[in-house]
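Presented below is the structure to which this report refers.
The values are calculated or read from the model by the stated rules, or taken from the named source; none is laboratory data. A quick note: this is a predicted structure, and the numbers were derived from the prediction, not measured. Glycine gets a Cβ as well: all are built from the backbone with ideal geometry, and neighbour counts include every protein chain shown. The area values use the complete protein model at the heavy-atom level, side chains included, leaving out ligands, DNA and RNA. Shrake-Rupley method; radii C 1.70, N 1.55, O 1.52, S 1.80 Å.
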Amino acid sequence: MTLDETRLKTLTMKFGGTSLGTAEAIMQSAEIAKAARDHTADRIAVVASAIHGVTDGLHEATSAAAGGDERYLQVIAELRDVHRRCAEALLEQESRNAVAEIDQLLEGFSGFCESVRTLGEAGPRALDHAMSLGEKMSVILLAASMRQLGVAAIAVDASEVIVTDDRFQDAAPDLEATRQKATATLIPVLERGETPVITGFIGATREGVTTTLGRGGSDFSAGLIAACLDSDELWIWTDVDGVMTADPKVVDSARTIATLGYEEVRELSYFGAKVLHPKTIQSVFETEIPIRVKNTFDPSHPGTLIVPNPEESNGAIKAVTAVRNVSLITVEGKGMMGVPGIAARTFEAVASTGASVLLISQASSEQSITFAVPRTNASTAVEALESEFERVLSRGNIDRIWAQDDITIVTVVGSRMRETAGVAGRVFTATGLRGINVVAIAQGSSECSISLVVRDRDGDDAVRAIHELVIEG
Ligand code: ASP
Ligand code: MG
């Protein structure tokens, strides 16, 4: 096979915040993009996160301003420094232009913060305006670095590409409208032989108001762009060698997973593996684009390949993750048995508080419903339930609504679990042998994950015990 035959037509690649964290890292990312364009694909589209920590800084400055705190000025000065330092590897003209453009954005932000301070509040729409600036600044630097290496790169603001609803801070894209816009704005750029460097995380409503796709959302943006451009592959550049079998901070023997299926990676990212935003798969699901997760700082490492349905002979358990800072809420009552609608009312009440339910488990006696929510949402969720069920409580059909706060969800993932008998047994034997008490369990309907609810103090031990089964295969 000649090189030409393996060459991809279109490749979308995304660089995360740490891949852009210093002047050297930005240059390294630019080199990776150039090498891909030279050797791997005819056309590449690049998507970038904000520089690591910048989105937090923008949020912090805005909140400070809303609270009347002048500290926002200091944060803005710091953001200016961070970007200036990152511009240091650029040659004179590019550097001067980039710094000027970034200064202008921060100047605007400073005025914005002043208005926020006068108003004394910043709602979701204002926050999206503020937080979208990180990516607007990072693409200026990355595009300039690429140009310096001889790639005709141009910075693109994704509010011109990704069309969303108006749920600020967590906007949902409209795929069809986005496809049309992407075709209109990006295809001509690619056809001119240029490389668009697109802001991740950002979209805009039909009316053109800036939105964001939720924290960590630039993976999702990259998936959307990859799908809309009919990319052959999507590469996610990060600071680790791909998706790991467990958190290496907890498990010494954690290693990179060579191949994962879409549903496996979706479960993993939903249940705490930080490597891909959970909605990324949603965006490429129909187009079945293969995704590679690779390390910017060790590009020759193969990383992890994510495909719709991997064929392979690994063990049934691929990985184990943990979600910490969870509360387990239980609605309990002998009179609940056979009473229709309690579950629906329970989850409606919780949903009305904006809390997302991570896991549900119901006893077969129907005398209790137990579910997990992030700990920060627990007390408002319990209050909402108490008011929803006020009358049922007084009648005694429900005895008690309560939250247990020291909870960790440990999730075991592997799509072959569904055809392998006895996996749950092995998991419970492994945790049982370590004396870990399992508070509740749940199996995803896809049968590609099993979650164990344990006490915080047992979380790490449970992960280590189960990881031994990953190693055994
Ligand atoms: N910059 C955004 C965030 O920090 C999006 C991303 O990095 O994926 O959440
Ligand atoms: Mg990320």
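Would you pick out the residues in segment 175-204 that are more than 16 Å from ligand 2 (Cβ to nearest atom), of a type in the set (Gly, Ala, Ser) and out of contact with any Cys (no Cβ under 8 Å at 6 or more places or on another chain)?
Ala177, Ala184, Gly193, Gly203, Ala204
Taking segment 339-355 as the search range and keeping residues that are touching a helix residue (DSSP H, G or I) at 6+ places or on another chain (Cβ under 8 Å) and under 22 Å from Pro124 (Cα atoms), which one is surrounded by the most Cβ atoms within 10 Å (Cβ to Cβ)?
Val350
Are there any pairs with C-beta distances below 6 angstrom linking a residue in segment 421-434 that is closer than 15 Å to Ser451 by Cβ to a residue that is outside any helix (DSSP H, G or I), with the two at least 6 apart or on different chains, and if so which?
Val423/Ala316; Ala424/Ile450; Val427/Val412
Given the options Val410, Val438, Val454, Val427, name the one that is over 21 Å from Ala258 (Cβ atoms) and surrounded by fewer than 21 Cβ atoms within 10 Å (Cβ to Cβ).
The conditions single out Val438.
Go through segment 441-451 and give me each residue that's free of Cβ contacts under 8 Å to residues at least 60 places away in the same chain, open to solvent by 20 Å² or more (accessible area, probe 1.4 Å) and in a strand (DSSP E or B).
Hit for segment 441-451 is Gln443, nothing else.
For the condition farther than 22 Å from Val470 by Cα and either away from ligand 1 (no atom under 16 Å from the Cβ) or free of Cβ contacts under 8 Å to residues at least 40 places away in the same chain (or both), what is the one hit in Asp219, Asp230?
Asp230
Which condition number does Gly17 fail, the rest of (1) away from ligand 2 (no atom under 16 Å from the Cβ); (2) at pLDDT 95 or above being met?
(1)
Within segment 242-262, restricting attention to residues that are polar (S, T, N, Q) and not in a strand (DSSP E or B), which residue is least open to solvent (accessible area, probe 1.4 Å)?
Result: Thr245.
Restricted to segment 132-157, and to residues that are out of contact with any Leu (no Cβ under 9 Å at 6 or more places or on another chain) and closer than 22 Å to Cys228 by Cα, which residue is nearest to ligand 2 (Cβ to nearest atom)?
Glu135
If a residue must be under 19 Å from Met417 (Cβ atoms) and open to solvent by less than 40 Å² (accessible area, probe 1.4 Å), how many such residues does segment 263-276 contain?
Within segment 263-276, residues that are under 19 Å from Met417 (Cβ atoms) and open to solvent by less than 40 Å² (accessible area, probe 1.4 Å) number 8.
Suppose we keep only residues that are within 16 Å of ligand 2 (Cβ to nearest atom) and among the polar types (S, T, N, Q) within segment 205-218. Which one would you say is surrounded by the fewest Cβ atoms within 10 Å (Cβ to Cβ)?
Let us first name the residues in segment 205-218 that are within 16 Å of ligand 2 (Cβ to nearest atom), namely 212-218.
Restricting the remaining residues to those that are among the polar types (S, T, N, Q) gives 212, 218.
Values: Thr212: 28, Ser218: 31.
Filtering segment 205-218 for residues that are within 16 Å of ligand 2 (Cβ to nearest atom) and among the polar types (S, T, N, Q), the one surrounded by the fewest Cβ atoms within 10 Å (Cβ to Cβ) comes out as Thr212.
List the number of the failed condition for Val54; all other conditions in (1) in contact with a Leu (Cβ under 8 Å, 6 or more places away or on another chain); (2) within 16 Å of ligand 2 (Cβ to nearest atom); (3) closer than 17 Å to Ala143 by Cα hold.
If we test Val54 against (1) in contact with a Leu (Cβ under 8 Å, 6 or more places away or on another chain); (2) within 16 Å of ligand 2 (Cβ to nearest atom); (3) closer than 17 Å to Ala143 by Cα, just (3) comes out false.
May I ask you to list the residues in segment 191-204 that are touching a strand residue (DSSP E or B) at 6+ places or on another chain (Cβ under 9 Å) and open to solvent by 10 Å² or more (accessible area, probe 1.4 Å)? Working first, answer last.
First, pick out the residues of segment 191-204 that are touching a strand residue (DSSP E or B) at 6+ places or on another chain (Cβ under 9 Å): 191, 193-204.
Passing the criteria: Glu191, Gly193, Glu194.
Consider Glu78 carefully, then state whether it is more than 29 Å from the chain's Cα centre (by Cα) and charged (D, E, K, R).
So Glu78 does not fit the description; no.
Please find, within segment 219-241, the residue that is farthest from ligand 2 (Cβ to nearest atom) out of those that are assigned to a loop (DSSP other than H, G, I, E, B) and not acidic (Asp, Glu).
The qualifying residue farthest from ligand 2 (Cβ to nearest atom) is Leu229.
Looking at segment 456-472, can you tell me whether even one residue there is at pLDDT 90 or above, under 24 Å from Ile369 (Cα atoms), outside any helix (DSSP H, G or I) and within 28 Å of the chain's Cα centre (by Cα)?
Within segment 456-472, none of the residues are at pLDDT 90 or above, under 24 Å from Ile369 (Cα atoms), outside any helix (DSSP H, G or I) and within 28 Å of the chain's Cα centre (by Cα).
Can you confirm whether Ala424 is modelled with pLDDT of 90 or more and small (Gly, Ala, Ser)? Don't jump to the end; show me each part of the working.
Details: modelled with pLDDT of 90 or more: no; small (Gly, Ala, Ser): yes.
Answer is no for this residue.
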